[in-house]
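The values are calculated or read from the model by the stated rules, or taken from the named source; none is laboratory data. Note that this is a predicted model, so its numbers are computed, not measured. Using ideal geometry, Cβ is built from the backbone for each residue, glycine included, and neighbour counts are taken over all protein chains shown. We work out accessible area using only protein heavy atoms, side chains counted, and drop any ligands, DNA or RNA first. Shrake-Rupley method; radii C 1.70, N 1.55, O 1.52, S 1.80 Å.
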Amino acid sequence: MIMSDFERTRVVLLGDAGVGKTCIIKRFLTKTYSDKYRATVEDLYNREYDLGPVTLKVDILDTAGDIQFPAMRRLSIATAHAFLLVYATTSAQSFTYIKQCFEEIREQRADFQDIPIVIAGNKLDLANSHREVSKEDVSEWVYCELPRLKVKVLECSAKDDTNITDLFKTMLSLSRILPTGTNDQQPTTGLKRRSSAYVSATSKGKRDMSAASSSSENKHGNTSFLHTSNSSTDSAKSKPRSRSLIRRSSRKTKQQIQNAEDCSVQ
């Protein structure tokens with residue numbers, strides 16, 4: 001199998017204003033934290049990771065917490081390979097907001113059930129005294145009310161650096177970019193997205209195999225699955241026996257055809 005030399009994935013963060021989306025990114029990428037709040041319009045961060053034979057290129061898109069820029073929001077949802085939906089454990093309103101975000105994803109992406117989604121409850125450091133959203137309520141919504149998704153629920157704290165790295169590791173595992181089993185597995189097992197070079201090489205290989213198969217069939221006189229071969233031996237080898245019986249019994253009753261499917265050619 002030909003493996004590409006890099007993989008690229010885009011992670012889009014969605015969530016209400018002030019829940020800590022930017023803080024999560026800064027903590028993950030630079031190991032820094034600031035209490036100062038600055039409203040985000042849209043920021044794109046890039047990072048590369050060496051996974052052995054494959055270099056993983058991650059684009060992390062930080063979006064606005066309100067819907068002032070609907071066109072930018074639609075584009076970010078349309079181009080995402082994975083989503084990080086962030087709410088604050090101290091704000092019930094922020095949990096309602098990510099429900100709206102999910103509905104936008106469901107409306108715009110026909111493949112929403114195949115997209116990795118991590119739902120992150122930030123500000124865990126304040127949960128003991130100011131919690132408004134329990135993890136159980138979030139899990140009930142995700143696993144009981146929604147259709148089957150590639151989703152995981154985690155709580156985190158950008159301030160205390162709790163579970164921040166696990167958010168992104170979980171996302172890559174859901175994407176099958178990182179293995180979910182033991183460390184002795186190959187790190188590139190089950191890569192979901194391929195570069196154009198890999199797709200081209202794979203497609204070419206499939207076309208070559210298809211051409212070889214077609215050539216072999218022509219050599220034995222089998223021009224089409226729907227046409228009967230002149231040789232009964234070739235027919236038995238190249239086509240399912242039950243369908244061969246059906247063709248020979250085409251003028252019989254429907255019940256006879258059904259019975260013929262269960263028979264074997266002598």
Task: Filter result (among the β-branched types (Val, Ile, Thr) and not in a loop (DSSP other than H, G, I, E, B)) within region 36-63 - done: 55, 58, 60, 63
Task: Of all residues in region 51-75 being of a type outside the set (A, V, I, L, M, F, W, C) and at pLDDT below 85, the one that is surrounded by the most Cβ atoms within 10 Å (Cβ to Cβ) - done: 65
Task: Flag if residue 63 is out of contact with any strand residue (DSSP E or B) (no Cβ under 7 Å at 6 or more places or on another chain), under 27 Å from residue 161 (Cα atoms) and among the polar types (S, T, N, Q) - done: no
Open item on the list: Condition check: modelled with pLDDT under 90 and charged (D, E, K, R). Does residue 47 satisfy that?
Closed with: yes
Open item on the list: For region 78-93, which positions are touching a helix residue (DSSP H, G or I) at 6+ places or on another chain (Cβ under 7 Å) and among the small types (Gly, Ala, Ser)?
Closed with: 78, 82, 88
- [ ] Check region 82-95 and report whether any residue there is exposed (fewer than 15 other Cβ atoms within 10 Å of the Cβ) and either under 23 Å from the mean Cα position of the chain (by Cα) or free of Cβ contacts under 8 Å to residues at least 12 places away in the same chain (or both).
- [x] no
Task: Residue list for region 35-57, restricted to those being touching a residue at least 60 places away in the same chain (Cβ under 8 Å) and under 18 Å from residue 170 (Cα atoms) - done: 51, 56
Task: Selection from region 114-165 of residues that are in a loop (DSSP other than H, G, I, E, B), of a type outside the set (Lys, Arg), open to solvent by less than 70 Å² (accessible area, probe 1.4 Å) and farther than 20 Å from residue 16 by Cβ - done: 115, 116, 147, 149, 161
TODO: Starting from residues that are under 30 Å from residue 74 (Cβ atoms) and part of a loop (DSSP other than H, G, I, E, B), keep the ones in region 1-33 and report whichever is modelled with the lowest pLDDT.
DONE: 4
